[in-house]
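S.K.: This is the structure, below, for whatever I ask next.
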């Protein structure tokens, strides 16, 4: 059970937060063991039936998370202790959901949990990459540097998503409007023309037949189609939540023709930057590679880096292992790693790899953004042409019969 408490320390400072325990007595004993004078201790109310639905409207945005991380990094760089930093951030944060989470994280740390363990209890807000990088920083003691890197990463990620979203707004509006027009035509207009074509015995094109039959099917069985579509979506989502489904999804992502390159370069940049931070903190290379693999949200890259860590423990070099997985790590990566190993500047080379691939991602995304609108407009133009041809050709054939 979770209990909300209000207490004072030996110095008289007021402290509020949450604590988990099997009973109220156990929670009281746990707090008393931390030299707290309990003022108020009550069980947290059970969530209402529609709490999950309401939670959709109380999510933490990328911008809020980025601002929190940037402020956190600034406080840590100013050598403000972890607990005081969280208390300051709690008062500075405007997002009520994030404010509540910061309070819970602060109370969990006061109860003895590490920062990564406290953040892990809020996996719906803090990603696996975020939590694992914090866990790595706890090993190296370079929390301020890792937080600064996370803030930079979230800012770039937010700008990247905003850039793509802005580029898709107009094409998405055009596509949506087109499909609305198609539905109106096949449901309301085409059924009125079917008897005319049938009486005149006009030989209908294949596209016209498909639209007429599709409209009739939609009118008669729309409810069944909605149910089938909903069930299919649920089954697909449920499958991709499983371990096997995530592996399949990760493989599909990096196998896409153009976007796959973006994801592969992004994973390489994340790996290189995380490994650089770990090596800079004095972590052995095998452990650094293993931990950096856990910062990636892709099973394929995790397995490769896990194998790399085991190979290093067997006496192999990192460059030799990465060269075996050219589909995940291009030859350039293994070659640069080999140079770093031979010169004793592996940390520096990993930093160059991260910088190079981050620039590559930015370049590819910029090119994609410029191509999205014209490509979508061409597709819409072709679809509009087929739609009008499917209705105008039979009408033209009908007119020739008179």
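The numbers here are math on the coordinates, done by the rules we state, and not lab data. Given the structure is predicted, the values throughout are model-derived calculations rather than measurements. With ideal geometry, Cβ positions are generated from the backbone for all residues, glycine too; neighbour counts draw on all protein chains shown.
S.K.: Using only the Cα atoms of the chain, what are the Rg and Dmax in Å?
M.R.: In order Rg, Dmax, the Cα atoms of the chain give 28.7, 100 Å.
S.K.: Can you tell me the FRET efficiency between residue 303 and residue 113 if r is taken as the Cβ-Cβ distance and R0 is 35 Å, rounded to the nearest 0.05?
M.R.: Working: r = 29 Å, r/R0 = 0.84.
For residue 303 and residue 113, the calculated efficiency is 0.75.
S.K.: Can you list, bin by bin at 10 Å, the percent of alpha carbon pairs in the range 192-286, starting at 0?
M.R.: Values per bin, smallest distances first: 12, 19, 19, 20, 13, 9, 6, 3, 0.
S.K.: How high is the relative contact order of the chain, in percent, with contacts defined as C-alpha pairs under 8 Å that are six or more residues apart?
M.R.: Working: 395 pairs, mean separation 57.1, N = 402.
Reported as a whole number, the value is 14 percent.
S.K.: Return the FRET efficiency for the residue pair residue 62, residue 314: r is the Cβ-Cβ distance, R0 is 41 Å, and the value is rounded to the nearest 0.05. Can you show the working numbers first?
M.R.: Working: r = 41 Å, r/R0 = 1.00.
According to the calculation, E is roughly 0.50.
S.K.: Here is a further query. So what are the range 115-270's ellipsoid semi-axes, whole angstrom, largest first, if each one is the square root of 5 times an eigenvalue of the alpha-carbon gyration tensor? Mind showing how you got there, number by number?
M.R.: Numbers: eigenvalues 503, 69, 42 Å².
Working through the eigenvalues yields semi-axes of 50, 19, 15 Å.
S.K.: For the range 165-402, restrict the atom set to alpha-carbon positions and state the Rg and Dmax in Å.
M.R.: Cα-based Rg and Dmax for the range 165-402 come out at 27.2, 89 Å.
S.K.: On full extension of the chain, what length is gained from residue 196 through residue 286, given 0.36 nm per residue of separation minus the C-alpha to C-alpha distance?
M.R.: Details: separation 90, 0.36 × 90 = 32.40 nm, distance 7.58 nm.
Full extension from residue 196 to residue 286 adds 24.8 nm.
S.K.: Could you calculate the contour length gain from residue 223 to residue 246, that is, 0.36 nm times the residue separation minus the distance between their Cα atoms, to one decimal place in nm? Working shown, then result.
M.R.: Values: separation 23, 0.36 × 23 = 8.28 nm, distance 3.11 nm.
The span from residue 223 to residue 246 would gain 5.2 nm if fully extended.
S.K.: Related question: Within 10 Å, count the other beta carbons around each residue, average over each peptide in 207-220, 326-339, and list them highest first.
M.R.: 326-339, 207-220
S.K.: Ok, one more. Per DSSP H run of at least 4 residues, take -39500 (n - 2.57); add these up for the chain, divide by its residues and hand me the 222 nm value, nearest 500 deg cm²/dmol.
M.R.: Details: 17 runs with 296 residues, N = 402.
It lands at -25000 deg cm²/dmol.
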